[in-house]
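The next block holds one structure in the form of structure tokens; read it before the comments.
Nothing in this text is a laboratory measurement; each read-out follows from the coordinates by a stated rule. Just so you know, these numbers come straight off a predicted model, no measurement behind them. Cβ sites come from the backbone with ideal geometry, for glycine too, and all protein chains shown count toward neighbours.
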Amino acid sequence: MLDDESVAQDEDDEDEEQGDARDEILTPGTVITSNSQWMRGHGTYVPLNTSSITSSLAGTLTRTNKLLSVRPLRARYNPEIGDLVVGRIVEVQAKRWRVDVAAAQLAILQISAINLPGGILRKRTETDELQIRSFFAEGDLLVAEVQQLHQDGAASLHTRSLKYGKLRNGVFVAVAGTGGGAGVVRSKRQLWTMEAANGGGKIDVLLGVNGYIWISKHIESDAAAEAAGINRMEESVSSQIYSSQNNHIDVTTMREIARCRSVILALVENGVKVDEDTVTRGYNEAVEFGRESMEDDIYLGGERGQRLAAALAGR
Amino acid sequence: MPREAEPSLSERTFTLQAISEGLRLDSRKLDQFRPLELSFGDEYGVADVKLGKTRVLAKVSAEVTVPFSDRPFDGIFQITSELGPMVAPSFEVNRPTETEILLARLLEKTIRRSGALDTESLCLIAGQKCWSVRVDLHILSADGNLIDSSCLAVVAALRHFRRPDTSIEGETLTIYTAAEREPVPLSWLHSPFCTTFDFFGEDGEIVLVDTTWLEEQLRVGSVTFSLNKHGEICQISKLGGKPVEATLIIQCAQMALAKSKEFTDLVDARLAEDAKRRDKGGLMAELSAENER
Amino acid sequence: MPLDTSTYSLALLRIDGRRWNDLRRLHAQIHTQDAADGSSYLEMGHTKVMCVVTGPAEPQAGQKKGTVGSAQATGQKEGASIVVNVVVAGFSSVDRKRRGRNDRRIQEMEITIQKALAANLHTHLFPHSTITVSLHVLSQDGSLLAALINATTLAVIDAGIPMTDYITACTAGSTSSYAAGDDAADPLLDLNTQEEQELPYLTVGTLGDSDKVAVLVCESRVQVSRLEGMLVVGVDGCKQVRRLLDGIVKQKGRKMIKEGAVRRSDMMAVSLDD
């Protein structure tokens with residue numbers, strides 16, 4: 001046992017001497033600073049009768065001006081206003097839905113926070129409340145934006161945009177959300193369309209900030225409606241926005257969707273963060289992998305996944 | 001599930017501030033117990049402990065049964081405790097609460113596992129007949145510090161208890177009634193007593209003993225020591241709660257030892273009193289035809 | 001099996017060749033389960049436990065009411081409640097014995113871990129939610145409660161739940177046979193099953209690098225004068241355990257930085273004091 005310990009000890013010493021101190025990991029109970037010019041942020045606390053900012057998480061240090069916070073290695077998703085999230089309806093209540101967004105509490109989607117069919121800015125009526133299940137029912141997946149946060153940290157969502165609403169024509173993947181680890185990170189674009197290989201058409205990849213991911217066939221919005229301007233467009237699209245029926249999807253497209261899903265899972269398995277860059281590059285890499293074998297293997301587990309991650313890391 | 005109402009915020013701050021200034025609501029010192037009353041019933045093996053408004057009753061009974069097959073030379077000894085709706089509506093029958101589980105475990109560790117009762121002496125015929133001693137603990141009213149009072153009640157009741165005398169001649173086992181032969185006390189090895197210390201304050205640095213229900217709700221941690229008068233620890237349990245300095249724990253252990261000696265003296269004194277009350281000259285007095293005038 | 005303690009005084013070596021202040025091999029991993037928010041696997045000698053932490057998450061339908069067989073924090077309206085479940089596998093000890101959910105000993109351990117966590121975790125950050133800790137005992141060879149506490153600490157760190165500091169635990173014993181007042185008794189660190197059966201011992205859990213005792217459980221008869229010695233050795237052992245666990249967490253963190261899963265620190269912590 002002594003051996004083990006001395007090894008661990010040596011490692012520490014080594015790091016202090018040679019390793020970059022920015023690779024340092026803060027762990028719970030580590031004093032960050034006793035200097036009173038700093039302010040404490042998330043992931044830190046000040047023990048009683050002291051003025052030293054102490055880490056309460058295992059993670060790395062971030063500084064925003066005078067604010068010090070600890071970014072955890074891994075954590076559950078913590079909602080912030082403006083986040084694009086993918087959620088699943090777990091409960092339908094009288095005037096609202098409760099949505100699982102992988103946070104500490106279920107998020108709330110008010111019936112007044114969705115686009116009701118039949119035109120923009122229509123007043124919510126009692127009929128809408130009665131047919132609340134016709135919009136979203138238990139188990140439905142949706143994409144939404146965090147509109148506001150409640151006192152207790154619960155999030156309110158809204159889908160009042162054409163970008164948001166019910167999800168169809170694709171597959172769902174859950175990985176870890178923000179807070180680090182191998183998962184989705186906040187970036188400029190959470191949603192993009194990419195050209196699939198092998199004639200698979202276009203596919204949409206939607207990386208919810210909460211770590212829920214939706215990969216689907218890209219549906220061209222009605223050109224006529226688009227031309228008619230924003231108001232008219234909402235009117236024409238909203239009639240089918242709550243449909244639970246999938247469009248026709250080609251086998252080739254399905255195959256490419258599945259490939260994309262394998263890429264994301266392989267990224268997660270090998271500790272690579274998931275964002276637009278890694279997914280698109282990983283996808284292209286995976287297409288190359290597929291060409292190696294006759295049967296175009298889309299499986300990316302185990303060794304193949306490691307190769308993929310290595311190829312991405314090599315740049 | 002009915003829940004016990006929690007103390008209100010103002011009650012909480014008032015009580016805690018008073019404690020931090022060394023004051024308790026009932027004007028006791030921090031390390032002072034409430035007046036403890038121990039009385040015995042008319043029957044052997046009944047002890048009634050009153051500690052302020054907390055009141056517990058322990059009743060010991062014994063019967064002859066077959067020993068467990070894996071322990072043929074040991075008698076059976078069990079302690080059962082019940083916290084029913086009589087104490088507080090938050091206690092339900094047949095659904096043990098955390099308090100009840102911990103109390104049962106604590107008595108088990110303090111009295112049974114520490115070998116206070118010599119279970120081998122309960123064996124009559126190896127593998128066939130033995131005494132089964134059972135303590136039923138009834139909580140009649142709970143106002144904090146159930147653990148210390150329950151432990152005291154159980155120990156006192158067991159020491160007070162007398163089982164019928166027996167004899168074995170060849171293969172025949174005879175159990176004598178009280179009239180035939182004086183009942184005999186259990187083979188008692190040592191008397192462990194529990195003392196619970198409750199921690200208050202932001203750092204758990206204020207120590208209280210014998211807390212009331214209200215104080216118990218507000219504590220940040222507690223530790224229970226079980227010791228006998230010889231200074232043997234039978235059990236310590238600090239089950240989570242706010243971390244406190246190790247030196248404080250050692251201090252508590254010393255205080256618990258002193259307290260345990262006090263409890264021992266109290267139980268000894270009460271037992272002696274009770275024996276005196278019962279013994280009015282032994283069998284001769286019973287046989288005497290003289291009337292009390 | 002009786003332990004021959006007489007040989008100890010000759011060579012000052014214990015039955016497994018350790019000296020009095022040696023820990024057994026402590027091996028641990030964090031993030032062993034992909035599906036869980038936090039998970040760990042910990043071995044202290046032959047005691048092997050796994051821990052999975054879920055949450056903080058919306059309480060499950062059944063959890064709001066007091067579920068039998070699990071320790072639960074009540075009266076914590078302002079913070080997350082903590083539910084601890086310990087499952088002891090039938091094959092974990094030598095005598096294959098099925099332990100029901102209502103085993104008092106296990107329930108007591110659940111309550112202990114739950115209360116220790118409740119005082120350490122910053123649950124006020126997660127109101128109206130539940131943190132579920134499930135522990136699985138795969139193999140038992142002494143110091144079970146200590147191993148469970150250590151595994152829980154690692155899994156909770158992995159789940160990214162803020163806490164005051166590590167809670168680490170280990171056992172400490174004494175070579176004196178119980179109740180005997182011999183002064184030559186040595187304290188021992190980290191007992192295995194054989195030693196636990198033979199010698200008085202206690203489990204001590206401390207907070208971080210301090211001497212603050214969060215958990216202290218002693219179930220055997222021992223002279224009160226022995227307590228201090230055992231406690232000192234135990235607290236010291238906890239600090240050793242903390243160093244080991246800290247090393248494991250840091251190693252994992254460095255690996256994640258290397259993989260690019262986590263961004264590096266913006267600046268060095270040491271430069272902040274200037």
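The table below gives the values:
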read-out: In the range B:166-228, GluC sites (Glu not before Pro) in a DSSP loop with at most 14 other beta-carbon atoms within 10 Å; value: B:E171, B:E180, B:E202, B:E205
read-out: Rounded FRET efficiency, nearest 0.05, which uses the C-beta distance separating B:E245 from B:E4 and R0 of 30 Å; value: 0.45
read-out: Residue-averaged [θ]222 nm for chain B, counting only DSSP H segments that reach four residues, each worth -39500 (n - 2.57); value: -9000 deg cm²/dmol
read-out: At most 16 other Cβ within 10 Å, DSSP loop - trypsin sites (Lys or Arg not before Pro), the range B:155-258; value: B:R181
read-out: DSSP H segments from chain B that extend 15 Å or more along their own axis, Cα-based, with Kyte-Doolittle mean of -1.0 or above; value: B:9-20, B:146-160, B:246-278
read-out: Shape call, the range A:26-69: gyration tensor on alpha carbons, a/c limit 1.5; value: oblate
read-out: Nearest-0.05 FRET efficiency for B:K261 and A:V31, computed from C-beta distance (R0 45 Å); value: 0.50
read-out: Order of A:V185, A:V90 - criterion: other Cβ atoms within 10 Å of each residue's Cβ, fewest first; value: A:V90, A:V185
read-out: Sorted by Cβ neighbour density within 10 Å, fewest at the top, the residues B:F14, A:F135; value: B:F14, A:F135
read-out: Potential lengthening between B:K29 and B:E63 on full extension [0.36 nm per residue; Cα-Cα distance subtracted]; value: 7.8 nm
read-out: Volume per residue of the C-alpha convex hull in the protein assembly as shown, rounded to whole Å³; value: 231 Å³
read-out: Unit Cα scatterers, Debye sum, the range A:74-167: log10 I(q)/I(0) for q = 0.14, 0.20, 0.21, 0.26 Å⁻¹; value: -0.46, -0.93, -1.02, -1.48
read-out: Chain B: mean projected area of Cα convex hull, nm²; value: 19.3 nm²
read-out: Burial ranking of peptide ranges A:94-107, C:154-167 (average Cβ count within 10 Å, highest at the top); value: C:154-167, A:94-107
